Every structure is written in structure tokens, then in C-alpha cells.
Amino acid sequence: MQNWCCVLQVPDRLSFTPSPSSPTSCSWRRPVTLADTHGETSQPAITSWENLGFDPVPTDYMYIMKCSEGDSFKDGGLQRFGNIELIPSACVLNYGQGIIEGLKAYKKQDGSILLFRPEENGLRIKVGADRMCMPAPTVEQFVDAVKLTVLANKRRVPPPDRGFLHVRPLLLGTGPVLSLTPAPEFTFLVYVTPVGNYFKGGLKPINLVVESKIKRATPGPGGVGCVKAIGNYAGILKAQVAAKENGFSDVLYLDSVHNRYLEELSTANVFIVKGKTISTPVLGGTILAGISRKSIIDIAHSQGFQVEERLVSVEELFDADEVFCTGNAVSVLPIGSITFLDKRGSLWRKWVCVSATLLSTYRYTKGSCRGQNGLDCNLEVEDARYIISLFL
């Protein structure tokens, strides 16, 4: 397999100078440097990693970078983690002009911390920003910000096999508006939080219900279902809450034109297996181009599977050998049962374990490279093409 080894330099100092106080901007604390982060903040230390859930935990530092309309992002830096202030007329509050991203950092037995394909998140946020009429940081700025934030919060990374550090970049229209227009000022923010498994029960098969009424995306390529716009998620909360109240793990959504073809879960892509063929819904403007999805397709091809990106009907779920989902939070997770209307199908068969095979490759291909500025990059665990390792 091709070795995509990406070596990034961490600057000794990324400074940030807040703009003069004005009603057009949100306010932030003084900047800190990476050297400042060697001491501990007032946030309490985590004394037990055993009971981590998937809820936010206060950490030590976050990263802030701003720009005005027509300008580019620059002069970003670390801030102490804490509340932010937004003017009530901020575009993100009034019209939802914002994008989220998500990736993870986790610790190896040797103490190294791994990031999974951060440059892909940097590319995806640029695509989303263009759709939402927002400037975006460059891919290099994005990766440097993620890397610096993880380094600053290194004591918050869970030990091996106890969870991971969830990295949440935000791109927000923070300038004030009244009429429907893009914000005059934008903020790029990165924060992190240690988490455990997304679903209770760990990596056990999950149970899904197919939603036939509520839709997660408008039809065709003209909507924003293919980007991580913040407004995409509030609209499906009702279906997700109802599913959990009825004992399901999550919801699988159908297309809004035919109400027949699979799209995705609330926060994950879906795959079905039949023999040596793996099928997943084709990207058509309503489905997010998941980075885990892309990686699993690459790995499946390398292992001799035929991969089809096409329209997948809901009926095919009940004839599949296996169904699984992929995403940043869930990694690769088998689906144990599907319920659609009055029909329930049990899908988990111990003798069919394509998802486990793919997950194993996804985790354990090895490679190595050497970094610069005193940092060793030792690529291990996960496909070496997709990892940046920070040796702390």
C-alpha cells in the first residue's frame, strides 16, 4: 500500500492579537504560546478514564483565529479554554452560518499521539465554507491549529484503549447582521474533549430504525447535506430522540424524493455487504463525504472487494450478508438489526465479519517517518497513509 506520510512542523509560537474592541466581533482572552502550556490550568485533572462517555469535558486550551469579510485568516493562537462572547446579532446565531468538523487524536502504548487524516478535514471545511459563503483557513493553517491544540491538551488524551481526544473545529460567522447576508467577520475555533465510545456498549453491533418521514437533507445537489453545516443536525433531533426512546441506537435516513434509497445515519455513512461486493450510497449532494468512508473504500479495494457507490434501496438491507457504518466517532461499527415499518431484520452473523476485517486493517497497518523541530513522527496503528503521529 502506498505510504502517505505527512510530516508537519509545529511552530514554536503562534501568536494572536485580538482586534480592537468593537460591536462587530466576539471577545477572547489573551493569547498563550505552546511554551505556556507546560503548566497546568485551573481545570481539574481527570482521575478516572474508565467511565468516559461521549459528553464534553472542560480541557485546558482552545485555538482561535479570525478574519474579516474579504480578508484571509491569520494571526491565530491558543487561548485558555472557556466561554466565548457573541454579539446577539451574530450571523451564526441568527441565520446559522457555521460549519463543524470532527476528528480524533489517541494515544499509543509508547506515548505517541496519533491524528487521523487531518488534511482531509481541512479540505472538507474549505468545500463547506465555499457553499456557505465563508472564508476558510488554508489546509496548512487547519492542520497546524489542530496539531497545536492537541499538543496543548496532551494531558487530556486518554490512555490506550480508554477512549480518544475528540477534536472539534468550528468555522463561525460571528460578525453582526440583521438582513440575510454573510457575516462581516468570521472565527475559526478548535477545541478538544476526551471521550469514550459514541454508543453505549462499545464496539458491539448496534440496532437501527429506518426513518420514513423525517429527512436529513433536501433533494438534489442544491442543498447542504453534503457539507457539515451546523443546521443539518438540529432538524433530525426529533427522529433521533424518538428512536432512542424506543430502544434503538440510531436512525438510518432515506432519500427525500423516492423515500426508498439509503442516505446515511445521523452521523455516519452506511455500507452493505453481499458476497465479495460492498455497496454504499453514492455521493449526490445530500450525503456527507465521510473521511472514514473514503478510507474504508480504499482499504476494501486493496483487499480484493468490489466496491459499488450507487443507489442502495432499503429492501437490500434485509438481503445483505452484513451491514456496517463508518464515521469519525464510531470508526467501523457493525449493525446488528434494522427495523423498517413493521419489519425487523437481524443482520449480525458471527461467521460474516467483513467490518471486523476492514477495521483490523484500518487500525494496524504500520509505517514510519521522522519529523523535524525535534519531533519524531512514528506512524503506527491505523493505515500509515492516513496518520500524523505526534511524539510527546
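Whole-Å semi-axes of the range 214-324's equivalent ellipsoid, largest first, each the root of 5 times a Cα gyration tensor eigenvalue?
Details: eigenvalues 109, 55, 35 Å².
Over the Cα atoms of the range 214-324, the ellipsoid semi-axes are 23, 17, 13 Å.
Amide H contacts under 5 Å for residue 322: 273, restricted to partners 5 or more places along the chain or on a different chain, H placed in the peptide plane at 1.01 Å from N.
Beta bridges per DSSP, both residues in the range 191-289: antiparallel share near 55 percent. Extension gain, residue 83 to residue 204, is 40.0 nm, computed as 0.36 nm per intervening residue step minus the present C-alpha separation. Extent along the principal axes, Cα only, for the range 108-189: 53, 21, 18 Å, with the longest axis given first. The 3J(HN,Hα) values that the Karplus relation (6.51, -1.76, 1.60; θ = phi - 60°) gives for the range 142-153 are, in residue order, 4, 5, 4, 5, 4, 4, 5, 5, 5, 4, 5, 10 Hz. Gly and Pro appear as x. Legend: calculated FRET efficiency, residue 357 to residue 50, from the Cβ-Cβ distance at R0 = 22 Å, rounded to 0.05, equals 0.15.
If you roll a 1.4 angstrom probe over the protein chains with everything in place, what fraction of the accessible area of the range 246-347 belongs to carbon and sulfur, to the nearest %?
Of the solvent-accessible surface of the range 246-347, carbon and sulfur hold 50 percent.
Modelled spin-label separation between residue 311 and residue 214, with each label point placed 7 Å from Cα along the Cα-to-Cβ direction: 2.6 nm. Checked against a 24 Å cut-off, the cross-linked pairs 238/343; 107/204; 204/244; 147/294; 228/343; 104/228 give Cα-Cα distances beyond that limit for 228/343. Taking the square roots of five times each eigenvalue of the Cα gyration tensor of the range 40-124, the equivalent ellipsoid has semi-axes of 29, 19, 14 Å, listed largest first. 3J(HN,Hα) couplings calculated from phi for the range 174-179 with the Karplus curve 6.51 cos²θ - 1.76 cosθ + 1.60 (θ = phi - 60°) are, in sequence order, 8, x, x, 9, 10, 7 Hz; Gly and Pro show x.
The values are calculated or read from the model by the stated rules, or taken from the named source; none is laboratory data. What you are looking at is a predicted structure, and each value in this text was computed from that prediction instead of being measured. No Cβ is skipped: glycine too gets one built from the backbone with ideal geometry, and neighbour counts run over all protein chains shown. Please note that ligands, DNA and RNA were not included when accessible areas were found on the heavy atoms of the full protein model with its side chains. Shrake-Rupley method; radii C 1.70, N 1.55, O 1.52, S 1.80 Å.
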